[in-house]
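Right, one structure below, let's go through it.
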Amino acid sequence: MSDELLMIKKGLMNGNKRFIMNKLRSKDSYDKLRRELYEKGQFPKAVVITCSDSRVVPEFIFDVELGELFVIRNAGNIVDKSVIENVEFAVSHLGARYILIMAHEKCGAVAEAVEKIKVGEKLHGFIKPMENAINNVRLKNNNILISDLASRVEEENAEEGVKKLLSSEMLSKLYREEKIAIDKAKYFLSTGEVKVLQSNNASSR
């Protein structure tokens with residue numbers, strides 16, 4: 001990962017530390033900043049793909065100003081064709097370079113998917129893409145307890161998201177050239193901490 005990308009990542013994690021310690025930066029300049037963004041446009045450095053959960057708000061969690069993040073949210077932080085196209089737009093038109101897929105603990109969408117699997121139901125609708133994540137977790141952990149399954153699936157679902165982003169020809173090319181970075185992370189509601197997770201793809205560089 002280049003120095004520039006590392007600095008973007010470090011900036012987000014430092015903001016998360018301020019959030020945890022309840023030492024958020026002053027936002028008194030919003031009026032001026034809002035007008036500047038209106039006149040000059042937006043140039044976010046990072047994209048955050050995360051859940052629609054009302055407790056998971058990246059702008060607070062990373063203590064950022066208006067215009068710093070391009071945020072994509074849906075229930076279960078699922079990466080699909082629409083999300084991929086949104087990321088491509090943020091990268092190609094807005095100059096975003098660091099992409100973070102952020103799962104979170106006690107995700108309701110994951111819990112529903114796991115509950116349906118537990119009682120032998122098939123997944124439908126917006127949670128259907130989680131089938132791969134659940135199957136992967138079970139393959140890697142034959143004797144996993146149902147009580148532990150949801151937590152593992154939250155993380156595996158983020159890993160699946162990384163793979164899907166890299167199925168984009170444009171994003172894959174930029175990633176190989178180290179012009180963008182892609183990480184996966186998990187937000188812990190209990191502590192406020194964001195932990196970057198190890199990955200066989202983007203996070204391993």
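Structure notes:
- Residue in the range 119-131 that is in a strand (DSSP E or B), surrounded by 15 or more Cβ atoms within 10 Å (Cβ to Cβ) and in contact with a Gly (Cβ under 7 Å, 6 or more places away or on another chain) present: no
- Filter pass, GLY108 being touching a Cys at 6+ places or on another chain (Cβ under 9 Å), surrounded by fewer than 16 Cβ atoms within 10 Å (Cβ to Cβ) and either closer than 20 Å to ARG55 by Cβ or not β-branched (Val, Ile, Thr) (or both): yes
- Cβ-Cβ contacts under 7 Å between residues 6 or more apart (or on different chains), taken from a first residue in the range 100-122 that is of a type in the set (A, V, I, L, M) to a second residue that is surrounded by fewer than 18 Cβ atoms within 10 Å (Cβ to Cβ), are listed as ALA109/ALA75; ALA113/LEU123.
- Residue in the range 181-202 that is more than 12 Å from the chain's Cα centre (by Cα), modelled with pLDDT of 95 or more, surrounded by 15 or more Cβ atoms within 10 Å (Cβ to Cβ) and closer than 14 Å to VAL87 by Cα present: yes
- Flag for ASN157 being over 18 Å from ILE49 (Cα atoms) and either part of a helix (DSSP H, G or I) or aromatic (Phe, Trp, Tyr) (or both): no
- Sole residue being in contact (Cβ under 8 Å) with a residue 12 or more places away in the chain and in contact with a Pro (Cβ under 7 Å, 6 or more places away or on another chain), chosen from LEU94, LEU171: LEU94
- Whichever residue in the range 84-96 is surrounded by fewer than 20 Cβ atoms within 10 Å (Cβ to Cβ) and in contact with a Ser or Thr (Cβ under 9 Å, 6 or more places away or on another chain) and, among such residues, is farthest from PHE43 (Cα to Cα): GLU85
- Residue that is surrounded by the most Cβ atoms within 10 Å (Cβ to Cβ), among those in the range 141-154 that are among the polar types (S, T, N, Q) and part of a helix (DSSP H, G or I): SER151
- Options ARG34, ARG55, ARG25, ARG18: the member that is assigned to a loop (DSSP other than H, G, I, E, B), more than 18 Å from the chain's Cα centre (by Cα) and touching a residue at least 12 places away in the same chain (Cβ under 8 Å): ARG25
- Residue match in the range 109-122 (condition: modelled with pLDDT of 95 or more and within 22 Å of ASN86 (Cβ to Cβ)): yes
The values are calculated or read from the model by the stated rules, or taken from the named source; none is laboratory data. The structure displayed is predicted, hence computed values, not measured ones. Neighbour counts are summed over all protein chains in view; Cβ atoms, including those assigned to glycine, are modelled from backbone coordinates with ideal geometry.
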